[in-house]
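A quick write-up on the structure given underneath.
The values are calculated or read from the model by the stated rules, or taken from the named source; none is laboratory data. Worth saying up front: this structure is predicted, and the values here are computed from it rather than measured. No Cβ is skipped: glycine too gets one built from the backbone with ideal geometry, and neighbour counts run over all protein chains shown.
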Amino acid sequence: MLQHSGRRFRLYPWKAKFTDRHGNEKQKWALPSKEWHQSVSEKQSFDIEFEKVNLTDEQYKRAKEIERIEIPEQFRGMCIDYIMYGDLPDGFLHHLWKIELKQEQEDQDDLLTDILLGRI
């Protein structure tokens, strides 16, 4: 779902569907690229299909947030969890702390606005 380019991730919403040599149907993210999977399927003589994964507006917004931050490649799973489910790790000792801090600031701004406007 995410390709690592330089020091950042970029959205790559393609899944590969294929049948392995034991006859089991498999589905996984088409990483590092569709072309790579196509080449492997031709060399090993199996059929492969690609499916574009459609994200909700919220998931797409979270993916764009991830793209703006420098994150080491080994944190791909954490980034995918955030994009797909909005899950952030606990605390601020992780690579998505800037996103978490921004969310908390927005929540505080909304609360302050409600207090100032007498809604609370």
## Note on the structure
So, first residue closer than 17 Å to LEU55 by Cα in the stretch 65-82, second residue in a helix (DSSP H, G or I) and among the acidic types (Asp, Glu), Cβ within less than 9 Å, six or more apart or across chains; the pairs are TYR82/GLU65
### Summary
Within the stretch 7-34, the residues that are under 22 Å from ILE69 (Cα atoms), touching a residue at least 24 places away in the same chain (Cβ under 8 Å) and not polar (S, T, N, Q) are ARG7, ARG8, PHE9, ARG10, LEU11, PRO13, TRP14, TRP29, LEU31, PRO32
### Message
If a residue must be farther than 30 Å from TYR60 by Cβ, in contact with a strand residue (DSSP E or B) (Cβ under 7 Å, 6 or more places away or on another chain) and of a type outside the set (D, E, K, R), how many such residues does the stretch 14-45 contain?
### Response
1
### Task
Please work out if ILE120 is hydrophobic (A, V, I, L, M, F, W, C), in a loop (DSSP other than H, G, I, E, B) and exposed (fewer than 14 other Cβ atoms within 10 Å of the Cβ).
yes
### In the stretch 74-109, residue modelled with the highest pLDDT [restricted to those that are surrounded by 11 or more Cβ atoms within 10 Å (Cβ to Cβ) and of a type in the set (Asp, Glu)]
ASP81
### Query
Where residues in the stretch 55-73 are in a loop (DSSP other than H, G, I, E, B) and at pLDDT 90 or above, which of them is farthest from the chain's Cα centre (by Cα)?
THR56
